[in-house]
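I have placed the structure first, in the form of structure tokens, so that the comments after it can refer back to it.
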Amino acid sequence: MEYCQTSLLVLQPTPFCNIDCTYCYLPHRSSKKRLTFELAEIIFKKLIAFPTIGESVTIVWHAGEPMVLSVSYYERMFELIRAIAPPHLNIRHSIQTNGTLISEAWCDLIKKWNVNIGVSIDGPRELHDLYRKQRNGTGSFDRAYEGLRMLQRAGISFHVISVLTVESMAQPEKMLDFYVENQIRYICFNVEEQEGANAKSKLVSCETADAMYRSFLQRFLDLAVQRQRPVLVREVEQCMGMIEAHGTPVRNEQNEPFRIISLDCDGNLSTFSPELLGIEHEAYGSFCFGNLARDSFEEIAARVHESRLYADIRAGVRQCADTCAYYGLCGGGAPSNKIFENGSAATTETVHCRTFKRSVDVVLDIIERLPPDLAQAANHSRAGAPPLGMWPG
């Protein structure tokens, strides 16, 4: 059996998080378990032998707050992985952090290992602190903002993930001003989603969510163009890439086994959408397909291919291909969104789908209206953007 190459490893060093975001999907974020070095050695020896591992792979340390573990922990972990990996394998480390624990020691590690960094910050204080709270109930903005500034003072490039909520989508001017005033150049917008422990989302229950998102993105980008502000938005970059590659078959990595491999701190393995790691669902049970401390790739692969989940994912992709005019740009949506919004992966449209469609519409509209000189400047600016694989999902 042939497999696609793994492009992304999502590794959970610990499920624990030092803050408690209202919309977080992770169910075990109070657990202080951690990935041990002994288990990590077993995991990576097996992973690197997987037939899906090619010449390059990105490891994202995520699924909890990675920085609650020490700098010395990662120094040792990175050394361990480098010692195990064959010389031809190019490994890029990435950390997605809430920013509240960034220190000079962290900055030194990031620069030494050329770690790709993403900081989760939801805009200005009044919007960020609505949902991204510390465990005592107070807002986390001040600590996250100081972490962001520390990265800037150290000369470290980073991207920002902002979760768009009903409140922030009503204020595109304020959001743009925040990024521009703080010299934040690379921005990723995640809409608040109904997933895992976040059983309810205002956007899922909002009938005008897609119109609200389109209005936000349209106004945000129009202002950026009018003011000639150098901001790069992941959603625009992805849409531009897809539009430029129109006619080339789209490969949605969330719908293909082992394109994304997710591992928790106990060695349990999941694939498809990273958000499925550590989650259980009444229709599917656990999304764990095996444990690398005891199971071979062949055993895990057999469970994946025989699973109801994979059958439903393929059925959902076929439905998307038959019914959605945007399928050629998307490749069938995200299984996690379908499962937690619609109850099954064998379904089609979700809030994420609708916002993706609006992103395409807005980008096409802007391309048509953009003066030639600004279009050339935009293309020059895009040339300095992180590769699409570096933008987190």
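Quick look at the numbers
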item: Qualifying positions in the range 214-238 - among the polar types (S, T, N, Q) and crowded, with 16+ Cβ neighbours inside 10 Å; result: Ser215, Gln218, Gln238
item: Residue match in the range 1-17 (condition: farther than 30 Å from Glu341 by Cβ and either touching a residue at least 40 places away in the same chain (Cβ under 8 Å) or assigned to a helix (DSSP H, G or I) (or both)); result: yes
item: Every residue from the range 74-93 that is open to solvent by 10 Å² or more (accessible area, probe 1.4 Å) and either farther than 22 Å from Gln5 by Cα or of a type in the set (Gly, Ala, Ser) (or both); result: Glu75, Arg76, Glu79, Leu80, Ala83, Ala85
item: Looking only at the range 18-49, and only at residues there that are among the basic types (Lys, Arg) and farther than 25 Å from Ile339 by Cα, the one that is most open to solvent (accessible area, probe 1.4 Å); result: Lys32
item: Tabulated pairs, the range 323-337, first open to solvent by less than 40 Å² (accessible area, probe 1.4 Å), second polar (S, T, N, Q) and assigned to a helix (DSSP H, G or I), C-beta under 7 angstrom, 6+ apart or interchain; result: Gly331/Asn255; Gly332/Asn255; Ala334/Gln254; Pro335/Gln254; Pro335/Asn255
item: Filter result (open to solvent by 50 Å² or more (accessible area, probe 1.4 Å) and outside any loop (DSSP other than H, G, I, E, B)) within the range 54-67; result: Ser56
item: Residue check for Glu298: open to solvent by 30 Å² or more (accessible area, probe 1.4 Å) and closer than 21 Å to Arg29 by Cα; result: no
item: Leading residue by the ranking (nearest to Glu193 (Cα to Cα)) among those in the range 285-294 that are free of Cβ contacts under 8 Å to residues at least 60 places away in the same chain and touching a helix residue (DSSP H, G or I) at 6+ places or on another chain (Cβ under 6 Å); result: Phe287
item: Some residue of the range 160-167 being under 19 Å from the mean Cα position of the chain (by Cα) and open to solvent by 30 Å² or more (accessible area, probe 1.4 Å); result: no
item: Single condition His128 does not satisfy, out of (1) modelled with pLDDT of 95 or more; (2) under 26 Å from Met77 (Cβ atoms); (3) open to solvent by less than 40 Å² (accessible area, probe 1.4 Å); (4) touching a Ser or Thr at 6+ places or on another chain (Cβ under 8 Å); result: (2)
item: Number of positions in the range 336-350 that are of a type outside the set (S, T, N, Q) and in a helix (DSSP H, G or I); result: 4
item: Single match in Arg219, Arg251 (criterion: of a type in the set (Lys, Arg) and more than 22 Å from the chain's Cα centre (by Cα)); result: Arg219
item: Breaking point among (1) in contact with a helix residue (DSSP H, G or I) (Cβ under 8 Å, 6 or more places away or on another chain); (2) surrounded by 20 or more Cβ atoms within 10 Å (Cβ to Cβ), for Gly147; result: (1)
item: Any hit, the range 239-248, residues being free of Cβ contacts under 8 Å to residues at least 60 places away in the same chain, outside any loop (DSSP other than H, G, I, E, B), open to solvent by 40 Å² or more (accessible area, probe 1.4 Å) and closer than 22 Å to Pro15 by Cα; result: no
item: Cross-chain or 6+ apart pairs with Cβ under 8 Å, the range 348-372 first and over 12 Å from Leu217 (Cβ atoms) and open to solvent by 30 Å² or more (accessible area, probe 1.4 Å), then of a type in the set (Lys, Arg) and modelled with pLDDT of 85 or more; result: Thr348/Lys338
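Listed here are the residues, each with its yes/no results for (1) at pLDDT 95 or above; (2) of a type in the set (Phe, Trp, Tyr); (3) closer than 29 Å to Phe16 by Cβ.
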position: Gly278; (1), (2), (3): no, no, yes
position: Tyr284; (1), (2), (3): yes, yes, yes
position: Ala301; (1), (2), (3): yes, no, no
position: Arg308; (1), (2), (3): yes, no, no
position: Val317; (1), (2), (3): yes, no, no
position: Gly331; (1), (2), (3): no, no, no
position: Glu341; (1), (2), (3): no, no, yes
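The values are calculated or read from the model by the stated rules, or taken from the named source; none is laboratory data. These numbers come from a predicted model, not from an experiment. Please note: Cβ atoms are built from the backbone with ideal geometry, for glycine as well, and neighbour counts cover all protein chains shown. Quick note on the areas: whole protein, heavy atoms, side chains included, nothing else; ligands and nucleic acids left out. Shrake-Rupley method; radii C 1.70, N 1.55, O 1.52, S 1.80 Å.
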